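The values are calculated or read from the model by the stated rules, or taken from the named source; none is laboratory data. Since the structure is predicted, the reported quantities are computational estimates derived from the model, not experimental observations. Methodologically, a virtual Cβ is constructed for each residue, glycine included, from the backbone with ideal geometry; neighbour enumeration extends over all protein chains shown. Keep in mind that these areas ignore ligands, DNA and RNA; they rest on the heavy atoms of the full protein, side chains included. Shrake-Rupley method; radii C 1.70, N 1.55, O 1.52, S 1.80 Å.
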Amino acid sequence: MLKKVLIANRGEIAVRVIRTCRELGISTVAVYSELDREALHVRLADEAYALGGSTAAESYLNTEAILDAIEKSGADAVHPGYGFFSENTDFARAITARGVTFIGPPPEAIEVMGDKISSRIAAQAAGVSGVPGRNDTLTSPDEVIAFGNEYGWPVAIKAAYGGGGRGMKVVHSATEAGEALESAQREALSYFGRSECYVERYLTWPRHVEMQVIADTHGNYLWLGERDCSAQRRHQKLIEESPAPNFPDEVRQAMGEAAVKVSKACGYVNAGTVEFLFQDGEFYFLEMNTRLQVEHPVTELVTGLDLVEWQLRIAAGEALPFAQKDVVRNGHAIEVRINAEDPAKGFMPAPGTIETLALPGGAGVRFDTLLYQGYTVPPFYDSLLGKLIVWDENREAAMDRMQRALKELTIGGLKTTKPLHLALAADPDVRAARFDTQFLEVWLEHRAAMLDDH
């Protein structure tokens, strides 16, 4: 087993990793920016090292500062969490080049799947179809127009090296192609440092369903179950659940097998997620996230597996001791993201100090968070404060439990997305699982005013 793990991240995911390491008897090393000096992950870790700076670029994206912390601490492994360097090939190679274990896939797998074009090609080679699109980078609006005329409008221009909806533009007609391509390239360069974009068919009313996979260094590949992440705003997930509601089991089995094929095609190791779009009974490969997902707890609650524990064990060279037939999924789990944002004002960021804090509890309730009373939420990082996850025997009961837990949750001193989630949990369409990736955008147009919690 690994002896000392440095977590190259912050916030609730750093806290999450530290807790599992502690249960396994593994020492932990935190890194922090100047603004995070009093953060919970710094308080919980066995050791902590300052990275300097305040912004992400000055701290958590400062490779040399992180490498210096690894050397000073003597850490024998690095867990990247999600975001920041978690899917950065150069960072993974910088870690492994020093003889330190990177808790994630080989750099080569990150490289293949980090480029959306090469990932499409790899999936197709494995016999898994993606959304129809071009497998090369765009050089002019004429290529977008030609594609739209052939496959029909609208089409989507996407950043080849991005994700999370950044660098993505939906084009409804030929007249929009030039401006949309320029905008997508500009945004892609700003967020990811690469301006390359490609085009694919835009599915108008799909569901976003992703499959959790796990693989070891002994050739064992398993799929653990799907998560429905269709409730999104601007392609950012807000609600995730497992199993996907109103989802045929034969499609689930086929999607799981497809996810394993994609994983094998890129030589994947450790925990990862293969994302699909599902529409009209068909599913299409979207991309692979070569890291732990924000929404991994819903899979943990329905399978009883600690995914971080298995990340650590696989990184240490252990083989998975169970087979596909041994993976059992029970009940229903739902996760909502509690962000420091004001949903009544277009999700405006709302940093501030936590004046009061009351966390929900009881059977089947989990809250992964970075918060404590008196903590000041800085303005420079992702607005995620915590993830409320509930489990019950069926979806209706889980929705009821989510409502109860949300009502118990009190975060005083700043605005959060709690009012949004309370409203959604009571919405009849959400209750009946009548939604797709466009649902929340339309819903918000008519209900934004009711989301003010003061």
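Loop-only check: which chymotrypsin sites (Phe, Trp or Tyr not before Pro) in segment 277-341 are DSSP coil with at most 14 other Cβ within 10 angstrom? Each step should come with its number before you reach the end.
Working: sites: F278, F283, Y284, F285, W310, F322; in loops: F322.
Those satisfying the criteria are F322.
In cubic angstrom, how much convex hull volume per residue do the alpha carbon atoms of segment 351-433 span?
On the way: hull volume 7.6 nm³, N = 83.
Per-residue hull volume (Cα only) is 91 Å³.
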Next on the checklist: How large is the Kirkwood hydrodynamic radius of segment 277-434, counting all unique pairs of alpha carbons, in Å?
Outcome noted: 17.7 Å
Checklist outcome for this item: Residues whose modelled amide H sits under 5 Å from the amide H of D342, counting only those 5 or more places away in sequence or on another chain, are F347, M348, A350
Checklist entry - Normalised by the residues of segment 359-446, what does the relative contact order come to in percent, with Cα pairs under 8 Å and at least six apart? => result 25 percent
Checklist outcome for this item: Under the rule rounded for a/c under 1.5, else prolate if a/b exceeds b/c, else oblate, using alpha carbon gyration tensor axes a ≥ b ≥ c, segment 208-258 is classed as oblate
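Rounded to a whole number, what % of the accessible area of segment 391-438 do carbon and sulfur atoms account for, probe 1.4 Å?
Numbers: 940 of 1960 Å².
Looking at segment 391-438 in its full context, I get 48 percent from C and S.
Would you work out the relative contact order for the chain, in percent, from Cα pairs under 8 angstrom that are 6 or more residues apart? Walk me through the numbers before you get to the answer.
Working: 981 pairs, mean separation 64.3, N = 454.
About 14 percent, as a whole number.
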Checklist outcome for this item: Once both label points are put 7 Å beyond Cα along the C-beta direction, the E318-T356 separation in nm becomes 4.3 nm
Checklist entry - Excluding same-chain residues fewer than 8 positions from K407, which lysines have a Cα within less than 30 Å of its Cα? => result K237, K345, K387, K415, K418
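Around L2, under 11 Å between beta carbons, what's the net of Lys plus Arg minus Asp minus Glu among the other residues?
On the way: positive: K3, K4, R313; negative: D76, E318.
Local net charge: +1.
Please compute the length gained on full extension between E58 and A433, using 0.36 nm multiplied by the number of residues separating them and subtracting their Cα-Cα distance.
Working: separation 375, 0.36 × 375 = 135.00 nm, distance 4.26 nm.
Using 0.36 nm per residue and subtracting the Cα-Cα distance, I get 130.7 nm.
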Checklist entry - Looking at segment 37-128, which trypsin sites (Lys or Arg not before Pro) are DSSP coil and have at most 15 other C-beta atoms within 10 Å of their C-beta? => result R37, R98
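Taking 10 °C and 1.306 mPa s as the conditions, I'd like the Stokes-Einstein D for segment 299-357 in µm²/s, using the Kirkwood hydrodynamic radius from alpha carbon pairs.
For the chosen part, D equals 103 µm²/s.
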Item to check | Cβ-derived FRET efficiency at R0 35 Å, T96 paired with E23, nearest 0.05 | outcome: 0.85
Next on the checklist: Computed from the coordinates I sent, P(r) over Cα pairs in 10 Å bins from 0, in percent equals one of (i) 4, 17, 24, 20, 16, 11, 6, 2, 0; (ii) 4, 16, 20, 16, 13, 11, 9, 6, 3, 1, 0; (iii) 4, 20, 31, 29, 13, 1, 0. Tell me the label.
Outcome noted: (iii)
Checklist outcome for this item: Here the gain from full extension of S129 to E441, 0.36 nm per residue of separation minus their alpha-carbon distance, amounts to 109.6 nm
Checklist entry - How much accessible surface area, in Å² rounded to 10, belongs to the heavy atoms of W391 with a 1.4 Å probe? => result 70 Å²
Item to check | segment 378-428: GluC sites (Glu not before Pro) falling in loop per DSSP and having at most 13 other Cβ within 10 Å | outcome: E393
Checklist outcome for this item: Contact order relative to length for segment 20-159, counting C-alpha pairs under 8 Å separated by 6 or more residues, stands in percent at 13 percent
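Largest first, what is the accessible-area ranking of E309, E355 with a 1.4 Å probe? Present the calculation step by step, with values, prior to reporting the outcome.
Numbers: E309 45, E355 120 Å².
Result, largest first: E355, E309.
Would you compute, from DSSP H runs of 4+ residues alone, the mean residue ellipticity of the chain at 222 nm, taking -39500 (n - 2.57) per run and dividing by the full residue count, rounded to the nearest 500? Show your work: numbers first, answer last.
Values: 15 runs with 152 residues, N = 454.
My calculation for the chain gives -10000 deg cm²/dmol from helical runs alone.
Roughly how many debye, to the nearest 20, is the charge dipole of segment 166-245 about its Cα centre, given +1 on each Lys and Arg Cβ, -1 on each Asp and Glu Cβ, and no other charges? Before the final figure, lay out the partial values.
Working: 10 positive and 12 negative charges, 40 e Å.
Roughly 200 debye for segment 166-245.
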Checklist entry - Where the only charges are on Cβ atoms (+1 Lys, Arg; -1 Asp, Glu), what is the dipole of the chain about its Cα centre, to the nearest 20 debye? => result 540 debye
